[in-house]
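Asks: Below are the structure tokens for one structure; questions will follow.
The values are calculated or read from the model by the stated rules, or taken from the named source; none is laboratory data. Predicted, not measured: the structure shown is a model, and the values here were computed from it. Backbone-built Cβ (ideal geometry, glycine too); neighbour counts: all protein chains shown. Note: areas computed on protein heavy atoms with side chains; ligands, DNA, RNA excluded. Shrake-Rupley method; radii C 1.70, N 1.55, O 1.52, S 1.80 Å.
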Amino acid sequence: MVELSVCQKRQPEIASVTTRTVLAAALALAPLALTLTPVGAHAAETAGAPAPSAGQLAFRDLFRELVETDTSVATGSCTALAGKIAARFRAAGFAEDQLAAFQDPAFPLDGGLVVTVPGTSAKAKPMLLLGHIDVVNARAEDWVRGPFQFIEEGGYFYGRGTSDMKMLDAIWIDTLIRFKAEGFKPKRTIKLALTCGEESGARMNGAKWLAENRPDLIAAAFALNEGGNGATDAHGKVLSQSMQTAEKANRNFELQATNPGGHSSIPVDDNAIYELSDALARVRALKFPVHFNDTTRTYFAKVGAARTDALGAAMVRLAADPADREAERLVASDRTLNSMLRTTCVATLLEGGHAANALPQRAKANINCRIVPGEDGDTTRAALIEAIGDPRMTVTPVGRVRPLAVPPPLDPRIMGPAEKLVARHYPGVPLVPAMMTGATDATYLGPLGIPTYGVPGPLLEPDGNGLHGLNERHSVEGAYRARDFLHDLVKVYAAQE
Ligand SMILES: [Zn+2]
């Protein structure tokens, strides 16, 4: 992912249950309680923040274990983490038949886990919580702190996956264990699928595997996933909370120029590298048309109205009239908003030539396109070919092709409770539908007819929190608040009939 008013009064964690149950819940969440990492270790605690509650400490320990278990495709194992999570559920009293570990024998490191909490109502359909437990690779030598060390410092949790998406994984796990400790009996069956391969797909994508091999394990009326967030200003103030109800499709195209080549001491104008550079300059200049959908039109109108600057006014004008060029020019100056307006294509990889003293025979580049709903790989390839305008260049689709995401309906049974709870947990902050410019595993649930919503809660700061980059982090206060908010949100949905 992309894109947080402070709660007046922190909601006591489990108002309705006795301290004993809280403690039981906390211990259940930290079977390794004996080894519960004292807050001091790895933590320059958040100055001025209230001491974490027992439940928050247990959540923090669970979060720590997730982050400190490397699940990157280069050096980690999702199967190892899935095993640890299953152990925590067992320790919390979940029965074996509620825990379904899965893996493709060809990819022993890419295993996952499905947890099922049976509902009491025959009428209510199941709901699915989806979370990928793999993370993007991280080279320790490039980071300030160890990427697979969970460190609390200056009001932030640091570590690979703290924002994408191990905090949300921890909240899903923590929520089901708290429900058990609270004695909460959901009407809907609640399923939690923890999968690998979302970030790389180099080997196996767990969501795709479940959809193709065990659709029964994840069948549900709707799913909650990563993708929404609380957008903050540079000071951490939450400006808006978004429910992700659309996402762009991710497609790669290889641009290639070929040439007979020859000896570099007798060059000619015709050169594969020059030809490719000319084509790249035209790709760079290519601007796809503004293409709103229900989600982005609503987002621009609502978020624009909540802003007090010229950009906000331009967002509102553009949502009302997509042909307003002046408004478009202003909005497009913001990289995130621009990427929500239209399909984008950008060069990401380059390769050319075969010897320093030979004219290049081949030069190629990867173009990564993010395609808005309503357009697809074919229309995008056609636009690239037209913009390049050089029939000698080949434009070939390459890489992993996920199904196109199916935008879920703005269902009032989903949006209504979320709006209410955002108002309670983030007073004065609007909830808006939003389109994800990145891609998620929701694309694999579309073909099963499972509408998938990216939940609000996790905070995203203007610099992107180091997502997929260096020194990934998530605010401590924001993590505990998202935990409270999502515990309540899942509970409301699970109680629907
Ligand atoms: Zn992610």
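Asks: Filter segment 449-490 for residues that are outside any loop (DSSP other than H, G, I, E, B) and among the aliphatic types (A, V, I, L, M); which is farthest from residue 55 (Cα to Cα)? Lay out the reasoning, then the answer.
Replies: So in segment 449-490, the residues outside any loop (DSSP other than H, G, I, E, B) come out as 452-454, 459-460, 464-466, 473-490.
Next, from what is left, pick out any that are among the aliphatic types (A, V, I, L, M): 459-460, 476, 479, 482, 486, 489-490.
Numbers: 459: 20, 460: 24, 476: 14, 479: 13, 482: 14, 486: 14, 489: 18, 490: 17 Å.
Step by step, filter segment 449-490, then rank; the result is 460.
Asks: Which condition number in (1) touching a Lys or Arg at 6+ places or on another chain (Cβ under 7 Å); (2) among the hydroxyl-bearing types (Ser, Thr, Tyr); (3) surrounded by fewer than 20 Cβ atoms within 10 Å (Cβ to Cβ) is the one that residue 333 fails?
Replies: Residue 333 satisfies every listed condition except (1).
Asks: Any residue at all in segment 247-256 that is within 16 Å of the ligand (Cβ to nearest atom), among the charged types (D, E, K, R) and either under 30 Å from residue 281 (Cβ atoms) or in the same structural domain as residue 346 (by TED's automatic domain parsing) (or both)?
Replies: yes
Asks: Take segment 168-197 and flag every residue that is open to solvent by 10 Å² or more (accessible area, probe 1.4 Å), part of a loop (DSSP other than H, G, I, E, B) and of a type outside the set (A, V, I, L, M, F, W, C).
Replies: 183, 185, 187, 188, 189
Asks: Same structure again: Looking only at segment 253-267, decide whether some residue is at pLDDT below 95, over 26 Å from residue 399 (Cα atoms) and either within 22 Å of the chain's Cα centre (by Cα) or buried (at least 23 other Cβ atoms within 10 Å of the Cβ) (or both).
Replies: Checking segment 253-267: not a single residue is at pLDDT below 95, over 26 Å from residue 399 (Cα atoms) and either within 22 Å of the chain's Cα centre (by Cα) or buried (at least 23 other Cβ atoms within 10 Å of the Cβ) (or both).
Asks: Quickly run through segment 416-456 and pick out the residues that are out of contact with any helix residue (DSSP H, G or I) (no Cβ under 8 Å at 6 or more places or on another chain) and within 16 Å of the ligand (Cβ to nearest atom).
Replies: Scanning segment 416-456 gives 436, 438, 439, 440, 442, 443.
Asks: So residue 137 clears everything in (1) within 16 Å of the ligand (Cβ to nearest atom); (2) open to solvent by less than 20 Å² (accessible area, probe 1.4 Å) except one condition, right? Which one?
Replies: In the conditions (1) within 16 Å of the ligand (Cβ to nearest atom); (2) open to solvent by less than 20 Å² (accessible area, probe 1.4 Å), residue 137 misses (2) alone.
Asks: Could you please find all residues in segment 207-217 being of a type in the set (A, V, I, L, M) and surrounded by fewer than 24 Cβ atoms within 10 Å (Cβ to Cβ)? Steps first, please.
Replies: Residues of segment 207-217 of a type in the set (A, V, I, L, M): 207, 210-211, 217.
If the condition is that a residue be of a type in the set (A, V, I, L, M) and surrounded by fewer than 24 Cβ atoms within 10 Å (Cβ to Cβ), then 211, 217 are the ones that fit.
Asks: Return the pair list, or none, for Cβ contacts closer than 6 Å from residues in segment 62-83 that are at negative phi to residues that are modelled with pLDDT under 95 and open to solvent by less than 10 Å² (accessible area, probe 1.4 Å), at least 6 apart or on different chains.
Replies: Matching pairs, first to second residue: 62/29.
Asks: Continuing with the same structure: Evaluate the following for residue 201: is it open to solvent by 10 Å² or more (accessible area, probe 1.4 Å), assigned by TED's automatic domain parsing to the domain that holds residue 173, within 16 Å of the ligand (Cβ to nearest atom) and at pLDDT below 95?
Replies: yes
Asks: So in segment 144-162, with the set limited to residues that are among the hydrophobic types (A, V, I, L, M, F, W, C) and not in a loop (DSSP other than H, G, I, E, B), which one is most open to solvent (accessible area, probe 1.4 Å)? I'd like the intermediate steps shown before the answer.
Replies: Of the residues in segment 144-162, the ones among the hydrophobic types (A, V, I, L, M, F, W, C) are 144, 148, 150-151, 157.
Applying the additional criterion that residues be not in a loop (DSSP other than H, G, I, E, B) yields 151, 157.
Values: 151: 22, 157: 0 Å².
It comes out as 151.
Asks: Out of curiosity, is residue 121 away from the ligand (no atom under 16 Å from the Cβ), of a type in the set (Ser, Thr, Tyr) and either closer than 30 Å to residue 448 by Cβ or outside the structural domain of residue 63 (by TED's automatic domain parsing) (or both)?
Replies: Numbers: away from the ligand (no atom under 16 Å from the Cβ): yes; of a type in the set (Ser, Thr, Tyr): yes; either closer than 30 Å to residue 448 by Cβ or outside the structural domain of residue 63 (by TED's automatic domain parsing) (or both): yes.
It is true that residue 121 is away from the ligand (no atom under 16 Å from the Cβ), of a type in the set (Ser, Thr, Tyr) and either closer than 30 Å to residue 448 by Cβ or outside the structural domain of residue 63 (by TED's automatic domain parsing) (or both).
Asks: Of the conditions (1) in contact with a strand residue (DSSP E or B) (Cβ under 7 Å, 6 or more places away or on another chain); (2) within 23 Å of residue 404 (Cα to Cα); (3) aliphatic (A, V, I, L, M), residue 290 fails just one. Which one is it?
Replies: Tallying (1) in contact with a strand residue (DSSP E or B) (Cβ under 7 Å, 6 or more places away or on another chain); (2) within 23 Å of residue 404 (Cα to Cα); (3) aliphatic (A, V, I, L, M), residue 290 fails exactly one: (1).
Asks: Something else now. Which of the residues spanning segment 284-326 are open to solvent by less than 60 Å² (accessible area, probe 1.4 Å), under 14 Å from residue 433 (Cα atoms) and not aliphatic (A, V, I, L, M)?
Replies: 292, 293, 295, 296, 298, 299, 300, 304
Asks: So residue 199 ticks every box in (1) under 19 Å from residue 483 (Cβ atoms); (2) of a type in the set (Asp, Glu); (3) under 21 Å from the mean Cα position of the chain (by Cα) but one. Which box is left unticked?
Replies: In the conditions (1) under 19 Å from residue 483 (Cβ atoms); (2) of a type in the set (Asp, Glu); (3) under 21 Å from the mean Cα position of the chain (by Cα), residue 199 misses (1) alone.
Asks: Determine if segment 416-431 includes at least one residue that is assigned by TED's automatic domain parsing to the domain that holds residue 299, on the phi > 0 side of the Ramachandran plot and part of a loop (DSSP other than H, G, I, E, B).
Replies: Among the residues of segment 416-431, not one is assigned by TED's automatic domain parsing to the domain that holds residue 299, on the phi > 0 side of the Ramachandran plot and part of a loop (DSSP other than H, G, I, E, B), which makes the answer no.
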